[in-house]
1. Find the residue count for region 82-97, including only residues that are surrounded by fewer than 20 Cβ atoms within 10 Å (Cβ to Cβ) and modelled with pLDDT of 90 or more.
2. Which of the residues spanning region 121-151 are under 18 Å from Thr58 (Cβ atoms) and of a type in the set (Gly, Ala, Ser)?
3. Residues in region 18-41: is at least one more than 24 Å from the chain's Cα centre (by Cα), surrounded by fewer than 16 Cβ atoms within 10 Å (Cβ to Cβ) and not in a loop (DSSP other than H, G, I, E, B)?
4. In region 128-154, which residues are exposed (fewer than 15 other Cβ atoms within 10 Å of the Cβ) and within 18 Å of Leu75 (Cβ to Cβ)?
5. Quick one: is Thr45 within 14 Å of Leu160 (Cβ to Cβ) and assigned to a helix (DSSP H, G or I)?
6. Restricting attention to region 100-115, which residues are surrounded by fewer than 14 Cβ atoms within 10 Å (Cβ to Cβ) and under 23 Å from Leu75 (Cβ atoms)?
7. If I ask for residues that are of a type in the set (Gly, Ala, Ser) and either more than 20 Å from Trp28 (Cβ to Cβ) or touching a His at 6+ places or on another chain (Cβ under 6 Å) (or both), which ones from region 143-169 would you list?
8. In region 143-182, which residue that is part of a loop (DSSP other than H, G, I, E, B) and closer than 30 Å to Trp96 by Cα is farthest from the chain's Cα centre (by Cα)?
Amino acid sequence: MAEMQSEAVVIPGRLGRIVRVIDRISEWSGRAVAWLTVPLILTLTFEVVSRYGFDKPTIWSYDITYMIYGAHFMLVAAFTLRHQGHIRTDFFYRTWSVKTQGRVDATLYLLFFLPALTLFFIASWDFAFESVMKLEQGFDSPWMPPVYPLKTVMPVSAALLIMQGISEFIKSLYAARHGRRP
């Protein structure tokens with residue numbers, strides 16, 4: 001866990017502006033996507049009342065809920081990264097100095113996180129593009145809903161995560177150099 005500091009440390013210059021812009025995008029997108037819980041809850045509530053109250057299950061509710069949940073899960077990943085909310089095993093990490101943590105984080109972002117997310121972006125872009133071109137529909141439901149919007153969420157999520165990863169990489173470099181976390 002990041003240690004609490006009494007005053008905010010701001011990265012100066014162009015890199016600081018880049019970090020602030022990326023962090024604002026992640027913050028805004030995460031807060032906007034959080035509103036997907038409202039239609040998710042409404043859909044689930046409608047299905048439960050329809051199914052158990054009136055013995056009239058819907059054919060569309062399951063598809064809508066997994067698509068909303070999938071989009072929500074993927075699109076809030078950058079927001080979660082911005083707030084250090086992803087699971088990490090920091091048994092050793094938390095005992096290291098901020099400079100060492102910054103060096104390790106920067107190395108891992110550069111060698112693993114950013115390359116992996118870039119590959120995911122490329123693969124998901126092709127996957128989503130093909131789906132949009134076909135106006136792909138689900139075939140495992142009698143309703144056959146369009147699935148290309150959900151598949152389009154994958155490259156968008158990857159792009160948001162790559163941007164936030166760049167912000168976190170810059171913050172890690174700052175911590176490695178200055179011994180303070182921005």
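The values are calculated or read from the model by the stated rules, or taken from the named source; none is laboratory data. On a predicted model such as this, the values are computed, not experimentally measured, just so you know. Every residue, glycine as well, gets a Cβ built from its backbone with ideal geometry; the counts of neighbours run over all protein chains shown.
1. Residues meeting the conditions: 2.
2. Within region 121-151, Gly138, Ser141 meet the criteria.
3. So far as region 18-41 goes, no, none of its residues is more than 24 Å from the chain's Cα centre (by Cα), surrounded by fewer than 16 Cβ atoms within 10 Å (Cβ to Cβ) and not in a loop (DSSP other than H, G, I, E, B).
4. Result: Val132, Pro149.
5. Taking the combined requirement at face value, the residue does not satisfy it.
6. Those that are surrounded by fewer than 14 Cβ atoms within 10 Å (Cβ to Cβ) and under 23 Å from Leu75 (Cβ atoms): Phe112, Pro115.
7. Passing the criteria: none in range.
8. Gly179
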